[in-house]
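Comments concern the structure below.
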Amino acid sequence: MNQTEQFQRHDLVWLSAQAWDAIMAGQPPHHDRFMAVFQCWQQQEWPAVVRRRDAAAGDDEVCIGFALPPQDGYKPKVAATVKIAHILEHQSALSLNSVINAAPAPWQETLRQLQIEASVAGIRFRVYGSLAMQFLTGQTYIGASSDVDLLFRPQDQEHLVTGLALLVQYQKQMALDGEIIFPQDQAVAWKEWLLSDSVLDPDNHQKVLVKDLQQVRLMEKRDLIHTLAISA
C-alpha cells in the first residue's frame with residue numbers, strides 16, 4: 001500500500017518539530033500574522049487536519065490544513081504539506097460521542113439522542129469542522145450560525161438508508177451538515193444525495209459531486225451504491 005493511502009480527508013495528525021519548522025519557514029510573508037498562532041498550536045500539541053492532496057505533493061508527503069479560530073466573522077484557513085516521516089501520530093476524525101460535552105448546552109441532549117440511536121443501528125458518526133476544533137483546542141469556534149459537520153461510512157445499503165434517515169430526522173431539531181464516505185473514500189455531501197427522489201436506487205443515473213483525497217469529480221449515484229454490500 002502506498003504510504004499516503006493510510007490517510008483520509010478529515011483525519012487528524014500530530015506533527016514533529018521538523019514538520020513545524022518546515023511549515024513556519026514555508027509560509028508566505030502575508031501569513032506572518034499567523035506565526036504566533038502556529039507557535040501556540042505547536043506548544044499546545046494540537047493536531048492538523050488532512051485535506052485533499054495538491055497536484056505537486058510527493059508520494060512521501062501529506063497535505064494538511066489548519067482551521068484557525070474565527071476572527072470577526074472571518075474563518076482563517078492555512079494549508080501546508082508535510083513529510084509523512086514527520087507525523088508523530090495519526091487518527092480518524094473524532095467520534096460524535098467524544099465531543100458532545102464540547103458542544104453548546106442547547107445542542108447536547110439532541111446530539112446525545114442521535115448518538116444513542118446511531119449506536120443501536122450500528123452507525124458511527126464522526127465529527128469534523130467547528131465542533132471538532134472547539135473540542136480539540138478549547139478555543140471558540142462555534143457561533144450563532146454554526147452547524148455540526150457529521151460524516152459516516154455506510155458498510156452496506158441498509159446502513160446508508162438508516163444513516164440518512166437519522167440525519168433527516170435530527171436536522172429538523174438542529175443545524176447539521178456533512179458527508180457520506182463510501183468504501184473507496186469517496187465523499188458526497190449527504191444533503192446533495194438527498195436531493196434525489198430516491199435514497200437508494202441502483203438504476204439512478206443522477207450525478208453527484210464526489211471528493212476524495214486526490215480529486216473532485218462527478219459520479220453517478222448508482223456507481224457509488226454498487227460499492228456497498230447488499231444488505232442481508
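The values are calculated or read from the model by the stated rules, or taken from the named source; none is laboratory data. Model, not experiment: these values are computed from the prediction. Using ideal geometry, Cβ is built from the backbone for each residue, glycine included, and neighbour counts are taken over all protein chains shown. All accessible areas refer to the heavy atoms of the entire protein, side chains included, with ligands and DNA or RNA removed. Shrake-Rupley method; radii C 1.70, N 1.55, O 1.52, S 1.80 Å.
Worth pointing out:
- Of all residues in segment 127-172 being part of a strand (DSSP E or B) and within 20 Å of A229 (Cβ to Cβ), the one that is nearest to the chain's Cα centre (by Cα): L151
- Residue pairs whose Cβ atoms lie under 6 Å apart, sitting 6 or more positions apart in sequence or on different chains, and linking a residue in segment 164-184 that is open to solvent by 20 Å² or more (accessible area, probe 1.4 Å) to a partner that is in a loop (DSSP other than H, G, I, E, B) and of a type in the set (D, E), are A175/D147; D177/D147.
- Identity of the residue in segment 26-41, closer than 23 Å to L131 by Cβ and open to solvent by 30 Å² or more (accessible area, probe 1.4 Å), that ends up modelled with the lowest pLDDT: V37
- The set of residues in segment 100-113 being open to solvent by less than 50 Å² (accessible area, probe 1.4 Å) and assigned to a helix (DSSP H, G or I) consists of I100, A102, W107, Q108, T110, L111.
- Some residue of segment 43-50 being of a type outside the set (K, R) and assigned to a helix (DSSP H, G or I): yes
- Being among the basic types (K, R), open to solvent by 20 Å² or more (accessible area, probe 1.4 Å) and modelled with pLDDT under 95 is a property that K75 has.
- Leading residue by the ranking (most open to solvent (accessible area, probe 1.4 Å)) among those in segment 208-226 that are outside any strand (DSSP E or B) and touching a strand residue (DSSP E or B) at 6+ places or on another chain (Cβ under 7 Å): D212
- R53 being of a type in the set (D, E, K, R), crowded, with 16+ Cβ neighbours inside 10 Å and under 30 Å from L176 (Cβ atoms): yes
- Scanning segment 1-21 for residues that are in a helix (DSSP H, G or I), buried (at least 17 other Cβ atoms within 10 Å of the Cβ) and in contact with a Leu (Cβ under 9 Å, 6 or more places away or on another chain), we see that the one that is modelled with the highest pLDDT is A19.
- For I116, the criteria (1) open to solvent by 40 Å² or more (accessible area, probe 1.4 Å); (2) at pLDDT 95 or above; (3) assigned to a helix (DSSP H, G or I); (4) in contact with a helix residue (DSSP H, G or I) (Cβ under 8 Å, 6 or more places away or on another chain) hold in every case but one, which is (4).
- Residue match in segment 122-143 (condition: surrounded by fewer than 15 Cβ atoms within 10 Å (Cβ to Cβ) and touching a Gly at 6+ places or on another chain (Cβ under 9 Å)): yes
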